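> For reference, the structure I am asking about is given below.
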Amino acid sequence: MALFKRRNPGKPGEWYYCLKHGTVEEGPQCGAADRFGPYPSRTEAAHAMDTARERNEEWRTDPAWNDAPDDGPEEGPEEGTAPDGRPGR
């Protein structure tokens, strides 16, 4: 007797965008690492890459997540020291 029942990973009407194949799928057909979704419609799944690009741009320009100035690299600890300033090993 099986302890766990095999579950259907998707529901009818759920749409996914497959990153591996660049296609829209109804119900997950490719692995979770290779897809975006679920989306409520085929059209929204077809625009998944545009949505991801827009969200990435919003995150990149969100001042709450970008405290460091963009004009140069962040200063870190001196060489030979730990991040807390103590001498390193």
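> Take the residues in segment 49-60 that are open to solvent by 100 Å² or more (accessible area, probe 1.4 Å) and of a type in the set (D, E), then tell me which one is modelled with the highest pLDDT.
E54
> Okay, moving on. Considering only segment 61-70, I want to know if a residue exists there that is open to solvent by 100 Å² or more (accessible area, probe 1.4 Å), at pLDDT 70 or above and among the polar types (S, T, N, Q).
no
The values are calculated or read from the model by the stated rules, or taken from the named source; none is laboratory data. Here the structure is a predicted model, which is why all the values come from computation and not from measurement. Just so you know, the surface numbers come from the protein's heavy atoms only, side chains and all, with ligands and any DNA or RNA stripped out. Shrake-Rupley method; radii C 1.70, N 1.55, O 1.52, S 1.80 Å.
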